[in-house]
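See structure below.
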Amino acid sequence: MSTSTVSGPGQAPGAAGQVAGQAQAPIVAECSGWTLSIYKAPILKSDEMDKWSQELELTLPEMVFGNNRVEIHHQDLDVRVVFCAKEALALVGRAPTVEVSCAEHWQEQSKAPKDVRPVHQYDWTYTTPYNGTVTKQSGGVATPVAGEITDLRIDFEKLKPQPDDKMLLYDDVLLFEDELHDNGISALNVRLRFTQHYIYILQRFYLRIDHVLFRCREVRFCIRLGDTFALRQCTTREMSWDAVLAVLRPLPNQNIGDLVSDANRVVSLLPITDEFTELLTF
């Protein structure tokens with residue numbers, strides 16, 4: 001029979017919050033050899049932003065929670081899974097993935113003075129193909145675990161609440177967000193559930209460019225406790241602004257901003273443009 005523990009700064013599962021201006025001790029849950037840790041802290045300070053920008057050669061989003069991360073570890077298997085902002089931003093492309101008339105204006109507005117840091121060419125939507133980082137220790141060296149395309153699928157029916165399954169930890173961790181100079185939103189967050197039977201992670205990149213398009217890229221990562229493998233499902237969705245509004249059918253006097261602010265509803269309308277599932281064997 002597996003045992004489980006949850007520890008943290010006096011908070012209930014799912015309440016891993018933060019106090020303005022200071023980092024919180026991590027929320028940690030353990031079960032069947034797996035340890036899940038959640039780290040939360042305020043956004044990066046200006047000097048930290050400058051350092052990251054130089055290292056990544058990227059003008060950063062308005063809000064970067066650089067010390068936020070979700071980490072999964074199994075000591076016996078020597079496996080570690082991490083979701084964090086820096087590695088996600090490191091994969092942002094050097095060229096825009098959306099071409100619109102106001103793109104150059106937005107990029108000019110986000111450039112810092114030349115005497116502070118160099119101007120970088122980058123994808124101003126912050127679209128990232130980041131799938132999380134999975135490594136396995138071997139001889140003291142962390143080696144990336146490569147995924148293999150598989151026909152297996154995550155069984156979402158088994159992820160539904162069960163009478164014999166206890167919720168150990170759940171949360172929503174924001175990694176970065178940018179409002180595109182009040183012309184939309186670009187954000188990356190990680191939601192998680194840790195029960196006595198499984199660990200389930202949903203990382204979502206969500207992009208809304210007002211009057212242009214909606215885009216969503218989701219990474220679902222699932223480990224059933226007792227297994228020595230995980231499934232990672234990556235799904236990309238995209239649809240034009242006009243096509244989404246045609247489905248939502250706003251009333252003549254309805255505030256469109258309120259209508260499109262529900263990201264979950266919008267994402268449910270977007271058609272899948274790419275999807276694959278990987279098997280990661282530990």
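The values are calculated or read from the model by the stated rules, or taken from the named source; none is laboratory data. Note that the structure is a prediction, hence the values are computed from the model and not measured. Positions of Cβ are backbone-derived with ideal geometry, glycine not excepted, and every protein chain shown enters the neighbour counts. Remember, those area values only see protein heavy atoms, side chains included, never the ligands or the DNA or RNA. Shrake-Rupley method; radii C 1.70, N 1.55, O 1.52, S 1.80 Å.
Relative intensity of the stretch 155-204 on a log10 scale, I(q)/I(0) at q = 0.20, 0.24, 0.30, 0.33 Å⁻¹, equals -0.71, -0.87, -1.11, -1.20, per a Debye sum over C-alpha point scatterers of equal strength in the absence of solvent. Taken along the Cα-to-beta-carbon direction at a fixed 7 Å, the label points for Asp47 and Asp151 span 5.8 nm.
Highest mean first, what order results for 35-44, 258-267 on Cβ atoms within 10 Å?
Values: 35-44: 19.5, 258-267: 14.1.
Highest-to-lowest ranking by the protection proxy: 35-44, 258-267.
Surface composition of the chain: carbon and sulfur make up 50 percent of the accessible area, probe 1.4 Å. Residues in the stretch 140-148 carry Karplus couplings, in order, of x, 10, 7, 10, x, 8, 7, x, 10 Hz; the curve used is 6.51 cos²θ - 1.76 cosθ + 1.60 with θ = phi - 60°, and Gly or Pro positions show x. Computed over the alpha-carbon pairs of the chain, the distance histogram in 5 Å steps reads 1, 5, 11, 14, 16, 16, 14, 11, 7, 3, 1, 0, 0, 0 percent, short to long. Residues considered: Asp171, Asp50, Asp155. Largest GNM mean-square fluctuation over the chain, using C-alpha springs under 10 Å, is found at Asp155. Sequentially through the stretch 253-258, phi angles give Karplus couplings (6.51, -1.76, 1.60; θ = phi - 60°) of 9, 7, 6, 5, x, 5 Hz, Gly and Pro residues having no value and appearing as x. Rounded to whole numbers, the Karplus 3J(HN,Hα) couplings from phi for the stretch 62-69 are 4, 10, 10, 9, x, 9, 7, 6 Hz, using 6.51 cos²θ - 1.76 cosθ + 1.60 with θ = phi - 60°, and x at Gly and Pro.
Rounded to the nearest 20 debye, what is the charge dipole size of the chain about its Cα centre when +1 sits on each Lys and Arg Cβ and -1 on each Asp and Glu Cβ?
Working: 27 positive and 38 negative charges, 99 e Å.
Roughly 480 debye for the chain.
The simple spin-label model puts a point 7 Å past each Cα toward its Cβ; for Leu91 and Arg249 those points are separated by 3.9 nm.
The Cβ shell under 10 Å around Thr150 holds other residues with a net charge of -1, Lys and Arg each +1, Asp and Glu each -1. The mean of 1/r over all pairs of different alpha-carbon atoms in the stretch 225-282, once inverted, gives a Kirkwood hydrodynamic radius of 14.0 Å. Binning the C-alpha pair distances of the stretch 110-269 at 5 Å intervals from 0 yields a P(r) profile of 2, 7, 13, 15, 15, 14, 12, 10, 6, 3, 1, 0, 0, 0 %, listed from the shortest bin outward.
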